[in-house]
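In what follows, a single structure is set out as structure tokens and then discussed.
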Amino acid sequence: MQETNPTNSPDQRPYHQIGTTMATVWGLVESKTYWSSFFTPAAADERREPLLWVCRHCSLQENLLRDTVRIYDPFIGFAHPQMVATCLGILNTRGYQTSQGMTVELQPLEAIPNPVSLSHLTAIEAVPGRIEGRLSGCGALQPLAASHWNRIKTVITETNPLLTASLATMENWRQRREYLERILEIVALRGCSEEQEQELFSILRSLIRVESDSSESFGPLALQTRMCLALKAQLLPAKEWEQLWKTLMDNWYGYVMTLTPQEVNRLTDLDGDIQL
């Protein structure tokens, strides 16, 4: 199992410590080569590292990074100087100070095959003129109002229909991470080793297939027994085990419900590694 955890940046906090306020969608501007470097074919078979976005020593931008940006906020990446919407992604961290300046780590999710020009978004009032001016330079960061983001989504869906699921993934990313963090908290509290954690997620993946697989090794009772061992819960009283099982299942199926059908298919392919 491979898990995409953000790095331990100084100002970063797990989702469950941040709160459940509505995520802000951000407009981020960088050079075309900056964005394209993440999606180069040469790196397609490798685990891509997050991109580092460094504030250009602008006090307004620094204040946004420090006070307003939150981990797991969605963003839309604009390429400079073409000024087109070129990719969709998630912020991997809050803003934190580095030797280069205020920094945030980005996790691009999808390139936009048919880029949408900022001028077109402005013309249809999907982006207000005042934001277009602020986004006109390389290294800009601006929040997008919910009403404008909804219009941008409509345009992207019309011009890039295959990205419809990706747009939904962006918006529920914070929720899926919350479910996953709760599962990992259970693993930590039980004092599980890395091997036991891997066994636990193997069992959880198998549970999704339990209704369609009739073999005994995938039966619910067998899986519960394996899970009890993986969580080192053999000596727990029955009621405590039942509660632990219920909490784990609620969060696991909550997590699965945030996935796209393609992601669920990859999750249930037990022969392959996954990134949660």
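Only the coordinates and a few stated rules stand behind these numbers; no lab work does. Since this is a predicted model, take the numbers as computed values, not measurements.
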With equal scatterers on the alpha carbons only and no solvent term, can you work out the Debye log10 of I(q)/I(0) for the range 71-116 at 0.27 1/Å? -0.92
Lysines within cross-link reach of Lys32: Cα-Cα under 19 Å, excluding same-chain residues under 8 positions apart? none
Honestly the range 190-267 on the Cα gyration tensor test (a ≥ b ≥ c root eigenvalues; a/c under 1.5 rounded, otherwise a/b vs b/c for prolate or oblate) is just prolate
Value of relative contact order over the range 15-164, rounded to a whole percent, pairs C-alpha under 8 Å and six or more apart: 29
For the range 124-236, calculate the relative contact order in percent as a whole number, restricting contacts to Cα pairs under 8 Å that are 6 or more residues apart. 19
If you stretched the chain out fully between Ser99 and Ala188, how much longer would it get, using 0.36 nm times the residue separation minus the C-alpha to C-alpha distance? 28.7 nm
Pull out the extension gain between Lys232 and Met249, defined as 0.36 nm times the separation in residues minus the alpha carbon to alpha carbon distance; nm, one decimal. 4.4 nm
Give me the extension gain from Thr164 to Ser31: residue separation times 0.36 nm, minus the current Cα-Cα distance, reported in nm with one decimal. 45.4 nm
Rg and Dmax [Cα atoms of the range 15-164; Å; Rg one decimal, Dmax integer]: 14.8, 42
